[in-house]
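Right, one structure below, let's go through it.
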Amino acid sequence: MTRDTAVAVTGLGLVTAAGPDTETTWTAVREGRASARPDPDLHGLPVSLSCRVADVDGLRPRRPGAAHLDPGAVMGLAAVTQALNTAKLDPAAWDPARVAVVTGCSVGGLHTQQTAAGRLAADGPQSVSPYFLTGFLPNMVCAAISLHLGVTGPTLNVATACASGATALGTARDLLTSGQCDIAVVCGADAAVTPLTVTGFAQLRALSDRASRPFDRARDGFVIAEGAGALVLERSAHAAARSAPRLARLVGYGASSDAHHLVAPHPEGRPAERALRAALAEAGAAPADVDHVNAHGTSTPRGDATEAAVLARVLPHRPPVTSAKGALGHTLGASGAIEAALTVLALRADLVPPTAGLTDQDPALDIDVVAGRARPVPSALAVSTSFGFGGHNAAVVLACD
């Protein structure tokens with residue numbers, strides 16, 4: 001007997017440099033407005049452009065211990081709160097043992113680490129806060145959410161670099177369809193705009209100090225960003241029983257590994273292609289069924305070229321493609337969840353947002369990238385792709401409900 005792998009998306013929330021909530025973020029992406037700005041905290045580094053979230057402290061919850069949360073956890077909690085409100089879920093009314101929390105966080109609390117390292121160097125061990133580790137460890141976004149919500153079901157963090165948010169969605173889906181829970185709160189969150197992290201990416205020549213230009217002829221790297229995206233997933237029967245809002249269905253997920261290089265993609269993208277084909281197969285969808293693609297589209301020369309080649313091979317009917325990173329920058333482990341949420345919004349609006357920063361598409365890339373303004377596209381099925389350092393590949397297929 002074949003297991004039904006489709007689950008309902010009943011809530012979503014976003015916190016990005018474009019805005020502290022879903023509506024302001026979606027408006028900026030839909031209008032193709034870039035949020036990258038010169039960052040005074042990065043002054044003197046090889047790259048000083050970033051996409052920061054404004055007034056993170058204004059998002060901090062008012063409860064004991066919240067003052068010690070790293071900005072990544074604060075953003076994650078804010079996105080989850082939005083998602084639960086959209087899903088019309090009250091944690092006081094659910095069975096906490098039947099709820100899971102799955103987060104995608106690739107780097108941990110780097111702001112907390114930076115503060116602790118500075119104090120240690122300047123004033124010695126006694127100056128380091130006892131809350132250092134609880135702010136820094138990469139599972140603490142998940143822990144903060146589960147503690148805040150009182151969840152006692154499965155809780156875990158996945159770290160597959162910049163594919164983490166998408167991997168979290170696939171992992172949560174499996175927890176639901178295996179019967180381990182009825183509700184899964186999924187959150188991708190990363191806050192890595194720190195001098196050391198930016199220096200590391202700059203040393204790899206992965207960053208741009210001019211603009212994020214996915215798929216553009218002049219692309220020269222990504223703009224580092226921070227943010228969080230949250231989605232509430234439910235077993236379809238559970239969602240129906242409580243008359244939940246049904247925003248979309250997650251109908252397919254595929255994953256693979258390159259086993260090629262620590263930071264460079266497989267030169268032909270064959271493992272990434274395998275992940276995309278597996279996601280479509282699980283969804284019971286033919287390539288021609290895909291109405292649009294929310295691409296990983298980081299704005300790196302090699303990454304965009306590899307992804308475009310994969311999309312051209314798998315989807316020869318050339319559906320419209322967009323990349324949110326032109327507007328929001330690259331939020332690392334949060335990007336897969338943020339972009340899945342944006343894909344849901346695009347499906348519901350029958351609209352494919354433009355790729356901010358794209359003014360002259362690289363003619364070597366045989367895909368149809370939306371530029372300039374949003375394109376009306378009646379959509380029933382869309383794909384969101386994510387790829388990470390270490391050769392991690394993930395693809396999510398979402399459908400209108």
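Quick look at the values:
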read-out	value
Checking G254 against (1) in contact with a Ser or Thr (Cβ under 6 Å, 6 or more places away or on another chain); (2) within 30 Å of L84 (Cβ to Cβ), the condition it does not meet	(1)
Subset of region 274-285 (residues that are in a helix (DSSP H, G or I) and surrounded by fewer than 21 Cβ atoms within 10 Å (Cβ to Cβ))	R274, R277, A278, A281, E282
Selection status of A346, farther than 18 Å from L231 by Cβ and either aliphatic (A, V, I, L, M) or not assigned by TED's automatic domain parsing to the domain that holds S164 (or both)	no
Single residue of region 32-58 satisfying the filter (over 19 Å from the mean Cα position of the chain (by Cα) and assigned to a helix (DSSP H, G or I)) that is surrounded by the most Cβ atoms within 10 Å (Cβ to Cβ)	L42
Residue within region 264-275 that is in contact with a Ser or Thr (Cβ under 8 Å, 6 or more places away or on another chain) and closer than 23 Å to N157 by Cβ present	yes
Counted residues, region 352-369 - those being touching a residue at least 60 places away in the same chain (Cβ under 8 Å) and within 15 Å of A295 (Cα to Cα)	11
Lone unmet requirement of (1) in a strand (DSSP E or B); (2) modelled with pLDDT under 95 for D401	(1)
Extreme residue, farthest from C162 (Cα to Cα), among residues of region 305-326 that are assigned to a helix (DSSP H, G or I) and touching a Ser or Thr at 6+ places or on another chain (Cβ under 6 Å)	G326
Filtered residues of region 78-97 (kept if over 30 Å from D209 (Cα atoms) and not in a loop (DSSP other than H, G, I, E, B))	V80, T81, Q82, A83, L84, N85, T86, A87, P96, A97
Matching residues, region 350-361, being in contact with a Pro (Cβ under 9 Å, 6 or more places away or on another chain) and either within 20 Å of T306 (Cβ to Cβ) or surrounded by fewer than 24 Cβ atoms within 10 Å (Cβ to Cβ) (or both)	D350, L351, T355, G357, L358
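The values are calculated or read from the model by the stated rules, or taken from the named source; none is laboratory data. Keep in mind the model is a prediction, meaning the values are calculated, not measured. Note that we place each Cβ from the backbone using ideal geometry, even for glycine, and neighbour counts take in every protein chain shown.
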